[in-house]
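Remarks on the structure that follows.
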Amino acid sequence: MNMSQKTQNTPSKQIVLMALIYIFFSNAIPFVKDIIEGDSLMHLLHEGVIAFLCVIAIYIVWREIMINSRYTQDLQQDLQQANKDRKTYSKQIKIFKNELFKVLEIQFKGWSLSKSEQEVALLLLKGLSLEEISQIRGTKEKTIRQQASTIYQKSNLKGRHELSAYFLEDLF
């Protein structure tokens, strides 16, 4: 069963179940009456088979509804757990992010980067291209290229890859 089949506890299944129960009782009551009255064996066999098949169909549909109900409950519990985990993860990420920014800020100041250079360095660490950084900052790409060059000189690093490695190397 795929996911959409397992979770389809639509009213149509419940309507089918009610219809089957109705057919069963519509057939079972006359069947009992016919037994009491002593109707022909063929007629009793016909009504008995209908009643028996209705019972089987009722069981199958009821079982399907119950399985889908449990599956839906399991999915809801999984979703609640995933949301709880996401909230916990988000809180942890926020804490780690704040700590990382503190470390970056301290190091950027240690390298004597200007406020503008610090912003460019942060965008470089995020992986943005020089063109993207120039668009974000509303400056020419040449200006960003010069600021990046100054950042690498002040930090004594050769380029973007060393800048990233400087901060990420000890994390792994």
- Extreme residue, nearest to the chain's Cα centre (by Cα), among residues of segment 131-157 that are basic (Lys, Arg) and more than 18 Å from Gly110 (Cβ to Cβ): Arg137
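Here is a yes/no grid of residues against (1) loosely packed, with under 13 Cβ neighbours inside 10 Å; (2) of a type in the set (Asp, Glu):
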position: Gly127; (1), (2): yes, no
position: Leu130; (1), (2): no, no
position: Arg137; (1), (2): no, no
position: Thr143; (1), (2): no, no
position: Gln153; (1), (2): yes, no
position: Lys158; (1), (2): yes, no
position: Glu162; (1), (2): no, yes
position: Tyr166; (1), (2): no, no
- If only one of Lys97, Lys115, Lys91, Lys102 is out of contact with any helix residue (DSSP H, G or I) (no Cβ under 8 Å at 6 or more places or on another chain), at pLDDT 95 or above and among the basic types (Lys, Arg), which one is it? Lys115
- Within segment 77-128, considering residues that are outside any helix (DSSP H, G or I) and of a type outside the set (S, T, N, Q), the one nearest to Thr139 (Cα to Cα): Leu128
- What number of residues within segment 12-24 satisfy the criterion of being exposed (fewer than 12 other Cβ atoms within 10 Å of the Cβ) and aromatic (Phe, Trp, Tyr)? 1
- Note on the structure: Just one listed residue, out of Ser112, Ser69, is of a type in the set (S, T, N, Q), within 24 Å of Leu17 (Cα to Cα) and in contact (Cβ under 8 Å) with a residue 24 or more places away in the chain, and it is Ser69
- Does Lys87 meet the test of being surrounded by 10 or more Cβ atoms within 10 Å (Cβ to Cβ), over 28 Å from the mean Cα position of the chain (by Cα) and among the basic types (Lys, Arg)? no
- Pairing a residue in segment 134-152 that is under 13 Å from Leu124 (Cβ atoms) and touching a residue at least 40 places away in the same chain (Cβ under 8 Å) with any residue that is surrounded by 15 or more Cβ atoms within 10 Å (Cβ to Cβ) and among the small types (Gly, Ala, Ser), where Cβ atoms lie under 6 Å and the two sit 6 or more apart in sequence or on different chains, gives Ile151/Ala121
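The values are calculated or read from the model by the stated rules, or taken from the named source; none is laboratory data. Every value quoted in this text rests on a predicted model; they were computed, and no experiment measured them. Positions of Cβ are backbone-derived with ideal geometry, glycine not excepted, and every protein chain shown enters the neighbour counts.
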